[in-house]
Each structure stands twice: as structure tokens, then as C-alpha cells.
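Have a look at the structure below, then the notes.
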Amino acid sequence: MEKARLCFITGGVRSGKSSFAERKALEYAFQMDGNLHYLACGRVSDVEMGDRIHRHQKHRESSPIAWQTSEYATDITRIGADINQDSIILLDCLTTLLDNELFGPGIPLEKEFLDSVFSKIINGINEIRKQSSCLIVVSNELVQEPIFHNEFLHLYGKTLGLLHQTIVGQADEAYLVESGIPLRKKGCIQE
């Protein structure tokens, strides 16, 4: 079975990457006559996060094509029961998913554990691609920040960077969004 189209979108915090990703998903839905699925990985952890989640939900409600939302903070393959070969899935966001998979009470950040989380996320993305027509992965560009003075942040940044490289290596398209402007980094413009 052929894997779904893969689009990777990254950018800094509040860069406009999620809004751009929603527009890309809508574009794909019209092109492929598909249905839209939002794979939300965020959890309401504070008032600001709750406000952000609510704002994203309200924005999707005004879409010309209805979105189905699935909320899976971990184990993203659980969306499989909700999707089909006509599904365009927007995973928002990889950074939050990595946070949720890595950080739990008493979990040591040892190499074997980091490797297993990396594999779990990549395998999850590949499984979703087998069951859908398009997957858009949104992530934060954190590795541009000076994180290497802290061992904990270094391990996190290294794992996120490897995830980005692996996903972009498989992606049909990749974008960096800065100040609301998407910059194409990989893929050709479709006519």
C-alpha cells in the first residue's frame, strides 16, 4: 500500500504555522476531495494553553469543510479508527507530542528510552500515512535556540532535531513559517 502525501510545517512560537497548516489541509481536501481530521496532541495545562486550543477550535469551526477532531496526547496511531483513505490529517503538533511521550513521573531520559520514543513517533506517522491520503505535521523550530548548556534540554533538542530530519527526509513538501510567511524548503509547486 502506498503511503499518503506528507507535508512538514515548522516555525517559531506564534509564527503562524498552524494557520498555514490549516489552509494547506483545506487546499488538499479540495484537491483530493477528502475529509479533514485534526489530530490534536495538546493538553490544557494552563489558562494560556486553554485559550490557544479554544482559538484553534473556533477557527476550524468557520472552515468551508467540517473538521473532525481527535485528541491524542500520546499514541497517535489511535486515530486509525477515525480515518480512511480519503482523510487529510493535520497533526498539531509534533513538539507537544514529543513532550507528552517523553515527560512523565519518574521516567529517566536514558538513550534506550529516547530511542524508543523516537521510533514510536516515526512508526506512528508511518502508520497514519498508510491509512490516509495526506498527513500534515506541524512542529516548533526550537533547535535554533541555545539549548546546549542544559543536559535535559540538549537531549530534548537532539531528539526533536532527529525527528525533524527524518520526517523532512520522507516529506513531499516542507515549509518554514516566519512572521506568517511560509517559505517552501522542499517540494515543487503543483500546477
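The values are calculated or read from the model by the stated rules, or taken from the named source; none is laboratory data. For clarity, every value in this text was computed on a predicted model and none was experimentally measured. Here the Cβ positions follow ideal geometry from the backbone for every residue, glycine too, while neighbour counts run over all protein chains shown. Note: areas computed on protein heavy atoms with side chains; ligands, DNA, RNA excluded. Shrake-Rupley method; radii C 1.70, N 1.55, O 1.52, S 1.80 Å.
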* Enter the accessible area of residue 154 (Å², nearest 10), with the probe set to 1.4 Å and all protein chains included. => 50 Å²
* Structure fact -> Counting only DSSP beta bridges fully inside the chain, the antiparallel percentage to nearest 5 is 15 percent
* Structure fact -> With only helices counted (DSSP H, runs n ≥ 4, each -39500 (n - 2.57)), the per-residue ellipticity at 222 nm for the chain, to the nearest 500, works out to -14000 deg cm²/dmol
* Structure fact -> Rounded to the nearest 10 Å², the 1.4 Å probe accessible area of residue 89 is 0 Å²
* Structure fact -> Connecting every pair of Cα atoms under 10 Å apart in the chain and solving the GNM, the largest mean-square fluctuation among 136, 76, 122 falls on 122
* Asked: Over the chain, what is the relative contact order in whole percent, taking alpha-carbon pairs under 8 Å and six or more residues apart?
  -> 36 percent
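Could you compute the net charge surrounding residue 170? Neighbours are other residues with a C-beta less than 9 Å from the C-beta of residue 170; K and R count +1, D and E count -1.
Local net charge: +1.
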* To do: Compute the acute angle (0 to 90°) between the alpha-carbon long axis of helix 151-170 and the principal axis of greatest extent of the alpha-carbon atoms of the chain; round to the nearest 10°.
  => 30 degrees
* Asked: Would you list 54, 149 from the most to the least accessible area, probe 1.4 Å?
  -> 149, 54
* Structure fact -> Rounded to the nearest 10 Å², the 1.4 Å probe accessible area of residue 30 is 130 Å²
* Could you check which residue among 111, 24, 120 shows the biggest mean-square fluctuation in a GNM of the chain with a 10 Å Cα cutoff? => 111
* Asked: By how many degrees, between 0 and 90 and to the nearest 10, does the Cα long axis of helix 111-131 differ from the longest principal axis of the chain?
  -> 10 degrees
* To do: Keeping to pairs on different chains or 8 or more places apart, tell me how many lysine pairs in the chain have Cα atoms under 22 Å apart.
  => 20
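So for 3, 186, what's the accessible-area order with a 1.4 Å probe, most first?
The residues order as 3, 186, largest area first.
Give the ranking of 179, 139 by solvent-accessible surface, highest area first, calculated with a 1.4 Å probe.
Working: 179 110, 139 0 Å².
Per-residue accessible area, sorted high to low, gives 179, 139.
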* To do: At 10 °C and 1.306 mPa s, grab the translational diffusion coefficient of segment 68-154 from Stokes-Einstein with a Kirkwood Rh over Cα pairs, rounded to a whole number in µm² per second.
  => 111 µm²/s
* Centroid-to-centroid separation of segment 82-99 and segment 7-50 [C-alpha atoms, Å] -> 9 Å
